[in-house]
1. If we count other beta carbons within 10 Å of each Cβ, what is the order of His164, His36, His135, His117, fewest first?
2. Roughly how many nanometres apart are two label points built 7 Å out from the Cα toward the Cβ at Glu127 and Ala148?
3. On full extension of the chain, what length is gained from Lys112 through Ser181, given 0.36 nm per residue of separation minus the C-alpha to C-alpha distance?
4. Let's see if you can work this out: charge +1 on each Lys and Arg Cβ, -1 on each Asp and Glu Cβ, no other charges. What is the dipole magnitude of segment 38-129 about its Cα centre, in debye to the nearest 20?
5. Work out the length of the dipole vector of the chain about its Cα centre, built from +1 on the beta-carbon of each Lys and Arg and -1 on the beta-carbon of each Asp and Glu, and round it to the nearest 20 debye.
6. Pick out, from Gly47, Thr128, Thr90, the residue whose Cα sits farthest towards the positive end of the charge dipole of the chain, with +1 on the Cβ of Lys and Arg and -1 on the Cβ of Asp and Glu.
7. What GluC sites (Glu not before Pro) does segment 1-38 have in DSSP loop regions with at most 12 other beta carbons within 10 Å?
8. With label points built 7 Å along Cα→Cβ from the Cα atoms of Glu41 and Glu165, find their separation and express it in nm.
Amino acid sequence: MKVGVLASGTGSLFEAICEGQDETYEVVVLVTDRPHIRALEVAEARGIPAVVVPFKDFDSRDAFSEAVAKALIEYEVDLAANAGFMRILTAPYLDLMAPRVLLNSHPSLLPKYPGMHGVRDALAAEETVTGTTIHRVTLDLDGGPIVAQEEVAIIPGEGEETLHERIKIVERRLYPEVVRSFCVGRPDDG
Ligand code: GRF
């Protein structure tokens, strides 16, 4: 299956999904909303095409979402994996991308702590355990059906950055496994 990854930052999850490639899936494109991010360097180093869709070039979230979907469809992706993509995608994205598999990884045990600050919010609530969730993308932000979840114990006194980095270690293992699980047994049309 052909996989497209959406990322807005360092792209360590994107990199992990690339490293997880095997006979079940191939990463065919990176789509990002930001022009100067490390994820683009990762794509270049691996020879993976990258498409930059700057949010400010569009006059609505719907128009942006449509452009993101069109970029992925042009590369014939079967599965789109949001991996640190920091923009909300609206109905045109879901409409155009159907019936493809749309996934997102979020650094909390959803339904707890959706939104931008999943790690910070778990710390503020004095949780002892948080984790990561991989779920289907729907119009409900961080609210789509859960596909996989893994716990990470919070070390007393640790800060947001350290905790997030420990969660990302788990995400970098789990996300390629989940992507693979959707691709196993699917016919290869390439
Ligand atoms: C991950 O924690 C992911 O769950 C969240 O953004 C982070 C992306 O990390 N949505 P990176 O940019 O791939 O390092």
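1. Ranking His164, His36, His135, His117 by Cβ neighbours within 10 Å, fewest first, gives His36, His117, His164, His135.
2. Distance between label points: 1.9 nm.
3. Full extension of this stretch gives 22.4 nm more.
4. 160 debye
5. With Lys and Arg at +1 and Asp and Glu at -1, about 100 debye.
6. Of the candidates, Thr90 comes out farthest on the positive side.
7. Glu23
8. Result for the modelled spin labels: 1.7 nm.
No lab work stands behind these numbers, since they all come straight from the coordinates. Predicted model, so just to flag it, every value in this text is computed and none were measured. Every residue, glycine among them, receives a Cβ derived from its backbone with ideal geometry; neighbour counts consider all protein chains shown.
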